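Structure record follows, encoded as structure tokens.
The values are calculated or read from the model by the stated rules, or taken from the named source; none is laboratory data. Remember, predicted model here, so these are calculated numbers, not experimental data. Here Cβ is always computed from backbone atoms with ideal geometry, including for glycine, and neighbour counts include all displayed protein chains. To get the accessible areas, we keep the full protein, side chains included, count just its heavy atoms, and leave off ligands, DNA and RNA. Shrake-Rupley method; radii C 1.70, N 1.55, O 1.52, S 1.80 Å.
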Amino acid sequence: MSTNEHPKTLFEKIWNQHIVVAEPNNPTVLYIDLHLVHEVTSPQAFTGLREKGLKVRHPDKTMATMDHGIPTTPLDIPISDELVIKQINQLEKNCQEFGIPLHGLTSAYRGIVHVIGPELGLTQPGMTVVCGDSHTSTHGAFGTLAFGIGTSEVEHVLATQCLLQTKPKTYAVRVEGTLSLGVSAKDIILNLISRIGIGGGTGHVFEYMGSTIRGLSMEERMTVCNMSIEGGARAGMIAPDETTFEYIKERPLAPKGEAWNAAVEAWRKLPTDDGAVFDQEITIDANTLEPMITYGTNPGMGMKITDTIPDPDSIKEVSERQTLVKALQYMGLRPGQPLLGQPIDVVFLGSCTNSRISDLRVAANLIKGRKVANTVRFMVVPGSQQVKLQAEAEGLDKIFKEAGAEWREAGCSMCIAMNGDQLQPGQYAVSTSNRNFEGRQGKGGRTFLASPLTATATAIVGKIADVRTMF
């Protein structure tokens, strides 16, 4: 940094490096380095290109996969959902016509888009990354500016490799200290959202900082960044460091040789400068964190697993109080009730939040030698075919199956309930996914969000359990 420049945040550096056109009082034209595409939000975008006679500007900066709608049953079982079949066929046709690389049903690299981008080495520090999916913020774990876009914006990026964006503000989330046994990355982000609410980060980009964040693995960092959107933020970011470089280095599409050395040299300049000012800040003491669980119908309605459900009468703000009353009615819960001991019908371990190999390892380690309660359906869904193969090479699939869990193919699965993997009306689930909205995991289904450890402990006990009692 030269002496006449003010100290910059990670976000400002990446934003400034990607400005194509910036005019006062207008959105900025931002260049996009990587565009990820899936079968659900892309069909209309490709139709728009055809109608306008446009090509895809940079097929080499675009990558497609199938994840949202595909079933997680074995591939030799025919797909029964007509809409899913149509979406899959359409994506294949679109990618072939426009020259876009596709990890289709038979690809060894197929999986959830936010799992395979990092896995392949496509996601690299300093990039702008977009996808027609709100949890694109996952990629921010690598020191990227990554965010979800709408269908019309998907078309815009396909055609121009650029996007109109209003510059967001910055928000430092400092997490300092050591996580206790049984407390995980998922608990960090659920705790943050419970503090600031689902609108707390609106108009901002989170940068997660501090000793606790530095101590997280890349997969744990992805979990934290993944749910930034649930706190209202446009994106979540973590500055790249040696942990980041080590993760990327041997990936199939990572730079090699001299290109690698040059890339790392550039990446080292990205972290926030000393003295850089954020628009907003919050500090979380990791030493005080406990396993978290949600009790309502948005991810901000979360509490420590040992707490009791709050009383709506204690909330001053009228609309917030009414929202909680409605949520508790939907969930069939009452104020002052503990969630420990709440019977559960289904446990879902998966989604772009928690379906990576480290998530499966901690769950398998806990359930090894134990059994899933006979009242519970425990679905284990790897985030990608590579995660699935790795888990099977380590024998994790056998541990899950011997315990009575279902071992499934890769995909979004019950997170979005588009593919037969869903709750029945009135059923309760503990889920490692990112959203607990009404009907999110099936019409009338009731979802508690938690970490893989809490989810697995619950599957064993048959009721919501504190994993710390099981070590």
Amide H to amide H, which residues 5 or more places from S451 or on other chains are under 5 Å from it, using H placed in the peptide plane?
M292
With all distinct Cα pairs included, what does the Kirkwood hydrodynamic radius of segment 377-418 come out to in Å, to one decimal, could you say?
10.6
With bins 5 Å wide starting at 0, give me the P(r) of segment 14-64 over every alpha carbon pair, in whole percents.
4, 16, 19, 20, 19, 16, 6, 0
Over 22 Å (Cα to Cα) among K169/K249; K8/K169; K371/K398 -> K169/K249
Given the peptides 352-361, 192-201, 337-346, arrange them by the average over their residues of other C-beta atoms within 10 Å, most packed first.
352-361, 192-201, 337-346
I'd like to know how segment 207-318 sits against the 2.2 N^0.38 Å rule of thumb: what's its Cα Rg over that expected value?
1.41
Quick one: ranking V318, V130 by accessible area, 1.4 Å probe, largest first, what do you get?
V318, V130
Give a quick list of GluC sites (Glu not before Pro) in segment 256-342 that DSSP marks as loop, anything other than H, G, I, E or B, with at most 13 other Cβ atoms within 10 Å.
E317
Accessible area per residue in Å² at 1.4 Å probe, computed on the chain
39
Ranked packing of 416-425, 17-26, 305-314, most packed first, by mean Cβ within 10 Å:
416-425, 305-314, 17-26
Roughly to the nearest percent, how much of the accessible area of segment 350-455 is carbon and sulfur, given a 1.4 Å probe?
47
So R251 and R50, fully extended at 0.36 nm per residue minus their Cα-Cα distance, gain in nm 68.9 nm
Residues whose modelled amide H sits under 5 Å from the amide H of I198, counting only those 5 or more places away in sequence or on another chain, are G300
Across segment 376-387, in residue order, what do the Karplus-derived ³J(HN,Hα) couplings come to in whole Hz, using 6.51 cos²θ - 1.76 cosθ + 1.60 with θ = phi - 60° and x for Gly and Pro?
10, 9, 10, 9, 10, 10, x, x, 7, 5, 5, 4
Any idea what diffusion coefficient segment 400-471 gets from Stokes-Einstein, in µm²/s, Kirkwood Rh on alpha carbon pairs, 37 °C, 0.692 mPa s?
254
Calculate, in nm to one decimal, what K86 and N26 gain on full extension: separation in residues at 0.36 nm each, minus their alpha carbon distance.
17.7 nm
Quick one: of the DSSP bridges fully inside the chain, what percent are antiparallel, nearest 5?
25
If you count only protein heavy atoms and use a 1.4 Å probe, how large is the accessible surface of M301, to the nearest 10 Å²?
20
Convert each backbone phi in segment 81-94 into a coupling constant with the Karplus relation 6.51 cos²θ - 1.76 cosθ + 1.60 (shift: θ = phi - 60°), then list the ³J(HN,Hα) values in order as whole Hz, x for Gly and Pro.
7, 4, 5, 5, 4, 4, 5, 5, 4, 5, 5, 4, 5, 5
Once you have the Kirkwood Rh of segment 2-123 from its Cα pairs, apply Stokes-Einstein at 25 °C and 0.890 mPa s and quote D in µm²/s.
145
Please state, as a whole number in µm²/s, the translational diffusion coefficient that the Stokes-Einstein equation yields for segment 358-450 at 10 °C and 1.306 mPa s, with Rh defined as the Kirkwood radius across alpha carbon pairs.
115
Förster radius 22 Å - calculated FRET efficiency between F471 and R195 (Cβ-Cβ, nearest 0.05):
0.25
Please give the length that would be gained between T178 and F437 if that part of the chain were fully extended, namely 0.36 nm times their separation in residues minus their C-alpha to C-alpha distance (nm, one decimal).
90.1 nm
Label 7 Å along Cα→Cβ of E392; segment 409-424 residues with amide nitrogen under 19 Å?
409-413
Other-chain or far-sequence residues with amide H under 5 Å of E281's (modelled H):
A172
Which order do the peptides 385-394, 458-467 take when ranked by the mean count of other beta-carbon atoms within 10 Å per residue, highest first?
458-467, 385-394
Cα pair distances of the chain binned at 10 Å [whole percent]
4, 21, 31, 27, 14, 3, 0
Diffing segment 251-259: the Karplus 3J(HN,Hα) column from phi (6.51, -1.76, 1.60, θ = phi - 60°), in whole Hz with x for Gly and Pro, holds 5, x, 9, 6, x, 10, x, 4, 4
